[in-house]
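Please treat every number below as a calculation from the coordinates, not as lab data. Every value quoted in this text rests on a predicted model; they were computed, and no experiment measured them. Cβ placement follows ideal geometry from the backbone for every residue including glycine, while neighbour counts extend to all protein chains displayed.
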Amino acid sequence: MYRQIQHYRDNLSLTLNSSLPTLDLPRNGLLSWILLRFNATQTGATPFRTVSTGKWRIVDFLDAIAFRVNGSIDIVNLPGNILQYEAFLSQGVTAFDLVREYSNASQRCDILIPMGDYMWDPDHLFDLSLVDNPELIFTQSLASTQWASANVDVFLGWFRDAAVRGAANFYKRETWAKWTTAQDETKYWELPTGLPIARIIMQPRPAASTAGVVACNPNDLMYDLKLSFKNKVISAFDADWIELARQNYIELGYEQLTHGEVYHAADYYFDVGLGEVRGFAAISGARDGAVSSVVPTREGDQSYPTQKLESYEADSPVDFIARGAGYHNCAAFLFQTPWLAGEALDPSDAGYGTVELEVHTRNSSSAASGTNRIALIRPTSMSQLAR
């Protein structure tokens, strides 16, 4: 047995303002993981300096990535930021992206999609010989007003020359629920019973307000969060989203660090990819070979996912590192992982019965018009997808 890394597609061009045409995958082999490396070059007018959305990284524009088989079955269907969060859970590190803003600056964004818990997980693989029409489908909103060009490299990880013990098992990763928030609204969700559940990912994303700042704390969108089993007889969690994110931080033991080089105008906000920021360090990264005269100054006591600088100097982008919790505004109920005790949650009558999620949005007008997502990571067997 050996492991093979295949550079399956090199510099595959993305069409701006539209979705990339479907990319067919090989029809056989034991697939361990997919790595997508997106590359994009910004237009020459420093397009994100005064944007009012907070979006400025490639990952902000990757609306959905799907791995589909048999014409209609999605093995994966998630936004790029949730896939990066899932890879963080798998690998223990945040994405090693190239994130920078300047005239004609290039960016890079890595999206890892393991078939199991992590890269080269021998217990969870996808056997492509047992399905028809395996394909990757990209939905992205990279616009020509901000990006001059974009492409993607596709890498595939294979187990070769062996009957690997996990060839009949993999994880499905998909958005299960998505809704626009309303002030003081409670949503009641009954989770599906067809498959066990390894992880439930909760992602609140507030709407952007003036100059790109989020309108509220992400926690306001999931201000009361309850998970119950056995028709609410068993309460498994009753707190809020930020408590879940903080518990994940302690339980996992992973540092959540993000970075970038930003060239926004003063007082314009930019997303740093953390639901709760607890540390922020910055220094000028001069592009003109001269010592910067303006001290990079961050707005103080700002824990939101969007941050802003009080200062700006021409030809002096600001390099930053941020530390916090809730990577990409995600927190998770963890049931099955290789590094924590436990087993997948069985939502059937034979297991934990009806599994319910109750999500309440805070009674505040600023908490309206955001987007909440629930993503499910579920162990699945190849026999359930056979032709």
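Taken over the stretch 290-366, the percentage of Cα pairs per 5 Å bin, counting from 0 up to the bin with the maximum distance, is 3, 9, 12, 12, 13, 10, 10, 9, 7, 6, 4, 3, 1, 0. A viscosity of 0.692 mPa s and a temperature of 37 °C, combined with the Kirkwood radius over Cα pairs in Stokes-Einstein, give a translational diffusion coefficient for the stretch 174-328 of 184 µm²/s.
Charges were assigned to the Cβ only: +1 to each Lys and Arg, -1 to each Asp and Glu. The resulting dipole of the chain about its Cα centre is roughly 540 debye. The base-10 log of I(q)/I(0) for the stretch 242-325, evaluated at q = 0.22 Å⁻¹, reads -0.97 [Debye formula, identical scatterers on Cα atoms, solvent excluded]. Taking the Kirkwood radius as Rh and the Cα radius of gyration as Rg, the chain has a ratio of Rg/Rh equal to 0.97. Principal axis extents of the Cα atoms in the stretch 58-177, from largest to smallest and rounded to whole angstrom, are 51, 31, 31. Over 30 Å apart at the Cα level, from the set LYS55/LYS232; LYS55/LYS230; LYS178/LYS232, are LYS55/LYS232; LYS55/LYS230.
Taking the Cβ of THR180 as the centre, find all other residues whose Cβ is under 13 Å away and add up their charges (Lys, Arg: +1; Asp, Glu: -1). Net charge in that neighbourhood comes out at +3.
Working from label points 7 Å from Cα in the Cα-to-Cβ sense, the SER381 to THR210 distance is 5.9 nm. Distance between the pseudo-spin-label points of ALA286 and GLU358 (7 Å out from Cα toward the beta carbon): 6.0 nm. Applying 1/(1 + (r/R0)^6) with R0 = 25 Å to the Cβ-Cβ distance of LYS230 and GLU251 gives a FRET efficiency near 0.55. Rounded to the nearest 0.05, the FRET efficiency derived from the C-beta distance between SER72 and SER303 at R0 = 51 Å is 0.75. Here the simple spin-label model places points 7 Å from the Cα toward Cβ, and for ARG27 and THR41 these points are separated by 3.8 nm.
Largest first, the extents of the alpha carbon coordinates of the stretch 96-155 on the three principal axes equal 46, 26, 14 Å. If R0 is taken as 30 Å, the Cβ-Cβ distance between PHE237 and ALA350 corresponds to a FRET efficiency of 0.85. Sorting GLU190, GLU243, GLU313 by the number of Cβ atoms found within 10 Å of their own Cβ, with the fewest placed first, yields GLU190, GLU243, GLU313. Enclosing the Cα atoms of the stretch 137-261 in their convex hull gives a volume equal to 237 cubic angstrom per residue. Binning all Cα-Cα separations of the stretch 1-47 at 10 Å, short to long from zero, yields these whole-percent fractions: 16, 43, 25, 12, 4, 0. Shape analysis of the stretch 1-142 yields a ratio of the Cα radius of gyration to the Kirkwood radius, Rg/Rh, of 0.99.
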